[in-house]
1. Pairs, please: C-beta under 6 Å, at least 6 apart or cross-chain, first residue in contact (Cβ under 8 Å) with a residue 12 or more places away in the chain and in segment 42-57, second assigned to a helix (DSSP H, G or I)?
2. When you scan segment 171-210, how many residues do you find that are at pLDDT 80 or above and either open to solvent by 80 Å² or more (accessible area, probe 1.4 Å) or farther than 20 Å from Lys143 by Cα (or both)?
3. Within segment 71-92, is there a residue that is over 24 Å from the mean Cα position of the chain (by Cα), among the hydroxyl-bearing types (Ser, Thr, Tyr) and open to solvent by 70 Å² or more (accessible area, probe 1.4 Å)?
4. Among the numbered criteria (1) within 21 Å of the chain's Cα centre (by Cα); (2) surrounded by fewer than 13 Cβ atoms within 10 Å (Cβ to Cβ), which single criterion is violated by Asp57?
Amino acid sequence: RLASELNVPKDDLINVFSGKATVSVSDIKISEEDLYGYTKTSPVPVVNFWAEVNRMDVAKNLMNQITSSGKFEELNGIYYEKTDYGKPEYYFCLSNNSLFFSNDIESVQAQLSGSKWKTPGSNSGKDIASNNPIAFFANLQVKKYDDLAKNLIPSSAEWRRLRGVLSGFKSISASYNSQGYQMDLRFSEKQVNSLKRIFMIIDEAYNELS
C-alpha cells in the first residue's frame with residue numbers, strides 16, 4: 001500500500017536502505033527541565049544512528065509522506081516529531097546518501113552543514129570499534145567527568161569520596177566477534193598486579209564510604 005501511495009515500485013521501497021548502519025552513544029549532556037519553578041537536571045546520553053541510503057528519491061518521498069501525515073514537521077532539512085509541549089525527543093535528516101538520526105539536534109545540524117560526528121581516538125576505543133561488529137568502551141578516568149558531576153552530585157564532599165574510589169580505574173571495554181567475547185578492565189597504575197589492585201580499590205572504597 002505504501003509503495004502505491006508513493007508511486008514507486010515495491011522493490012525500490014524494500015531496497016531503499018543498503019543494510020549498512022551504525023549506532024553509537026557519543027556524549028552525555030545535561031538536560032534541564034522546569035518543574036513548577038524548580039529546575040531538574042539529569043544526564044542524557046546522545047544517541048546517534050546512521051544508515052546508508054540506496055535510493056535517495058524514494059527516501060525523500062518517504063519524508064514527504066510522513067510530514068504530510070501531520071505527525072512530523074520539517075525545518076531547514078531537519079525532520080522531527082510534532083509535539084504540543086516541550087521539545088521533540090529525536091531528529092533526523094537525509095544527506096549525502098545517508099539517513100542520520102539522533103536525539104540531539106546539534107548532531108543532526110552538524111551533518112547537514114557538512115561536519116562529521118565525533119569519532120573515538122586511539123585511546124578511546126577506536127581500535128575496538130573498528131575491528132569488531134559489536135563493541136563497548138567507557139573511559140573511567142574521573143577527571144573527564146568533573147563538570148558532569150557538578151551538575152548531578154549536590155555535595156562536593158560526596159564527589160570527592162566517589163572520585164577517590166574511582167581514581168584507580170582507567171577504562172573498561174568489551175567486544176564480540178566470530179571468535180568470541182572479550183572484556184578488558186584497565187587501571188591507572190600500570191606496575192600493580194590487577195587482582196591486587198582490585199582488592200586495594202575495594203578496601204579504599206570501604207574506608208571512603210563507611
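1. From segment 42-57, the pairs are Asn48/Ser107; Val53/Ala59; Arg55/Asp12.
2. The number of residues fulfilling the criteria is 12.
3. yes
4. Only one criterion is unmet by Asp57, namely (1).
The values are calculated or read from the model by the stated rules, or taken from the named source; none is laboratory data. This structure is a prediction, so every number in the text was calculated from the model and none was measured. Here Cβ is always computed from backbone atoms with ideal geometry, including for glycine, and neighbour counts include all displayed protein chains. Accessible surface areas use protein heavy atoms only, side chains included; no ligands, DNA or RNA. Shrake-Rupley method; radii C 1.70, N 1.55, O 1.52, S 1.80 Å.
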